[in-house]
1. Only one residue in 24, 17 is closer than 29 Å to residue 310 by Cβ and modelled with pLDDT of 95 or more. Which one?
2. Any residue at all in region 128-143 that's touching a strand residue (DSSP E or B) at 6+ places or on another chain (Cβ under 9 Å), part of a helix (DSSP H, G or I), assigned by TED's automatic domain parsing to the domain that holds residue 192 and closer than 17 Å to residue 163 by Cα?
3. What are the residues in region 300-315 that are in contact with a strand residue (DSSP E or B) (Cβ under 7 Å, 6 or more places away or on another chain), in a loop (DSSP other than H, G, I, E, B) and crowded, with 19+ Cβ neighbours inside 10 Å, if any?
4. Considering 341, 318, which residue is under 24 Å from residue 35 (Cα atoms), in contact with a strand residue (DSSP E or B) (Cβ under 9 Å, 6 or more places away or on another chain) and at pLDDT below 95?
5. Could you please find all residues in region 79-110 being in a loop (DSSP other than H, G, I, E, B) and within 16 Å of the chain's Cα centre (by Cα)?
6. Check off (1) within 15 Å of residue 32 (Cβ to Cβ); (2) surrounded by fewer than 24 Cβ atoms within 10 Å (Cβ to Cβ) for residue 369 and give me the number that stays unchecked.
7. Please specify each residue of region 158-182 satisfying the condition of being buried (at least 24 other Cβ atoms within 10 Å of the Cβ) and assigned to a loop (DSSP other than H, G, I, E, B).
8. Pairs only if they're at least six apart or on different chains, beta carbon under 6 angstrom, first in region 280-305 and at positive phi, second surrounded by fewer than 19 Cβ atoms within 10 Å (Cβ to Cβ) and assigned to a strand (DSSP E or B); list them, first residue then second.
């Protein structure tokens, strides 16, 4: 049932689960640069993406504004808790003594505690319909791996996950979640692939990276019959599937008769930020709103604030086509920060183009400051956020304090992209004073 509880919590009904995905490629002011074949530098063809099923390749290159969501996918989205509430952070506002109104989208309420099932379910469904029997993927902090393991269990697919080694060691309970859903989980770099064995021989204590894990997952998909690769971020079809979040936000803000002054999301590969903000960005590109969009990344992995806008591989081994994006270089190995989902060398091509044209504003914080913001939010609102989400919370707090200084009643909305209940080693490091302040 659709309802507004005195603007504290805006809850949509099951009938409000979107029936179409929004494709921002239709509304971009300039064409999205196509992926290129690395050998010829010509635009990539489906033959250059043999690790994806054709149905997802067609979504990847589509410029249609809306793409229908199959009823089986909508049913599964309902199963995992869609639509999710929009909630007002009144206690945080009071703690900050700010006139700003702060709202957050509750993507932490899914069974795996993040936004990731929104695309995992869609990808598992389309793979199943195309005859795929097994999926291979990478994961950083484990949120994506958990989501795909769940989705594969829903649609009866096998699942293999390569988990960035530093996160595999830091977050063992994420691995147990994946294994509970039936997935096989390996620390990456692993001994399961030739590339992993090569890296371990060169550096036995290799911390891993999302780029390395992607390479291992792609190799696994190519080496095994009826196995495809599934990607948790970066690709256009992933951004597309996540827009169920932002479409709900648009409707919820309309129910409040408010327009956000700021919309904020953390960014690693870009999926939660894109899904949360793209529907509203599409409205801004049409001149319907004047919202400012803030993309928040770690200072130690500053693809948007410190990278170059150029063609690069999406993985470390150079197995993908070349994508035009902000990148730190596909061989970049990030420091072992606790926000494992943000440890990626590049940014989604769609997010990158929007940053290039000034439609979004990127900012970066060190992890100690973000954990400080996360602890403040937890004390005020009772929810322990994921380390990745803490970046968005830090930006929201900074904007609320700026509104306080200027005595302005700004409307600030951020995506609570995941909870941190399986990330307590990061909080333990922060609370004990052992966290590195420079990373």
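The values are calculated or read from the model by the stated rules, or taken from the named source; none is laboratory data. Because the structure is predicted, anything quoted here is derived from the model rather than measured. Because the Cβ atoms are built from the backbone with ideal geometry, glycine has one as well, and the counts that use them run over all protein chains shown.
1. Working: 17 fails: closer than 29 Å to residue 310 by Cβ.
Just one listed residue meets the conditions, 24.
2. Looking through region 128-143, at least one residue is touching a strand residue (DSSP E or B) at 6+ places or on another chain (Cβ under 9 Å), part of a helix (DSSP H, G or I), assigned by TED's automatic domain parsing to the domain that holds residue 192 and closer than 17 Å to residue 163 by Cα.
3. Initially, region 300-315 is screened for residues in contact with a strand residue (DSSP E or B) (Cβ under 7 Å, 6 or more places away or on another chain), giving 302-305, 307-314.
Next, only the ones that are in a loop (DSSP other than H, G, I, E, B) stay: 302, 307, 314.
Hits for region 300-315 are 307, 314.
4. On the way: 318 fails: in contact with a strand residue (DSSP E or B) (Cβ under 9 Å, 6 or more places away or on another chain).
Within the list 341, 318, the selection yields 341.
5. Let us first name the residues in region 79-110 that are in a loop (DSSP other than H, G, I, E, B), namely 80-85, 89, 97-100, 110.
Answer for region 79-110, where residues must be in a loop (DSSP other than H, G, I, E, B) and within 16 Å of the chain's Cα centre (by Cα): just 110.
6. For residue 369, the failing item is (1).
7. 171
8. So the pair list comes out empty.
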